[in-house]
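The values are calculated or read from the model by the stated rules, or taken from the named source; none is laboratory data. Fair warning: this is a prediction, and the values are worked out from it, not measured in the lab. We place every Cβ from the backbone using ideal geometry, glycine too, and count neighbours over all the protein chains shown. Protein only, heavy atoms only, side chains kept; ligands, DNA and RNA dropped before computing areas. Shrake-Rupley method; radii C 1.70, N 1.55, O 1.52, S 1.80 Å.
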Amino acid sequence: YLSDWQVGQRRLDQALATWQQADVQLGETTASRLTRLQILWELQQPEQAKALAASFDEQQIATATPYQLEILSELSWQQQDYARALALYNRLLAQAKPDTPVNSQVLWYTRIAESYKATGQLEAALQTLQTAWQSTQQPDLLLNALQMAIDAKQPEAAQTFIALAEQQGQSMELQGRYWLLRAQLATQQDHLDDARAFYQHLLLVEKDMTPL
C-alpha cells in the first residue's frame, strides 16, 4: 500500500492524506482509523488524536496492534479518562512479551497506579506498585510507591516501602531519590535531625555520581 510505504519513509503528512482520501473513496474501516490515529500521534497532533481515540469501542480496540494500543492507553490517560486508561494499560501488561522493554512496563504499572489514585483507590494504587516492583525489581517502582505514600500522608505505608528498600542494600542506597524521599518523610513527621542526615546522604550520593 502507498500509505504503508509513506509511513515507512516517514512521509507522515502524505500518509495521512492518503488514508483520508482512501476513507472518502472506499469508506472508513477500523484498521484505517487506527492507522490514522497512529499517524496523528506521530505527527504530534494530540487534539485530533484524542478526538479519534475516544471514538473506538471495545471491539475495535481489540484489533489494535500493541503500538496502537499503547497510543490509545496514553491518550486515555491524558484525557483523564482513568477508567478507560486502567483497562487499556492492564491489557498492555497482559499482552506483554518476555522481550517487552522494562521501561515500558514501569510506565504502564505507574500509569495504572496513578489511575487508581486519581479515582480514590489509594490502597489499590500502592498495591499495584508493590506488586510491580516485586515482579520487575525496578527501583523506580518502589520509589514511586514511597513517593505516593508520602504525598498521601500515609506514614505506615511509607514505612513498609522503606523497609523493603532497606533490604536492597547498596542498590537502593546509591539512589539519590531514595534519600530525598527519606528526608521528605522525616520532615513531614517533624524528625528534623533525621531529615538533615538523609539530606547529607543525598549530597554524598550526588557527589559520588558527579563525573570528574
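Round to the nearest 0.05 the FRET efficiency obtained for E47 and Y67 when R0 = 30 Å and r is the Cβ-Cβ distance.
Rounded to the nearest 0.05, the efficiency is 0.90.
With every protein chain present, what is the per residue accessible area of region 35-135 (1.4 Å probe, Å²)?
51
So how much accessible area does D190 have, in Å² to the nearest 10, using a 1.4 Å probe?
For D190, solvent-accessible area is about 120 Å².
Between Q95 and L164, how many nm apart are label points set 7 Å from Cα along the C-beta direction?
Taking the simple label geometry, Q95 and L164 are separated by 2.7 nm.
List the GluC sites (Glu not before Pro) within region 23-97 that DSSP assigns to loop and that have no more than 16 neighbouring Cβ atoms inside 10 Å.
Loop-located and lightly packed - E28.
Find the all-direction average of the projected area of the Cα convex hull for region 99-139, expressing the result in square nanometres with one decimal place.
2.6
Put +1 on the Cβ of every Lys and Arg and -1 on every Asp and Glu Cβ in region 67-212; which of A157, Q200, T131 then has its Cα farthest towards the positive end of the dipole?
T131
Across region 93-106, in residue order, what do the Karplus-derived ³J(HN,Hα) couplings come to in whole Hz, using 6.51 cos²θ - 1.76 cosθ + 1.60 with θ = phi - 60° and x for Gly and Pro?
5, 5, 8, 4, 9, x, 9, 4, x, 4, 4, 5, 4, 4
May I ask you to derive the FRET efficiency for L174 and Q78 from their Cβ-Cβ distance with R0 = 25 Å, giving the value to the nearest 0.05?
About 0.15, to the nearest 0.05.
If you consider only alpha-carbon coordinates, what radius of gyration and Dmax does region 54-163 have, in Å?
For region 54-163, the Cα-based Rg and Dmax read 14.4, 45 Å.
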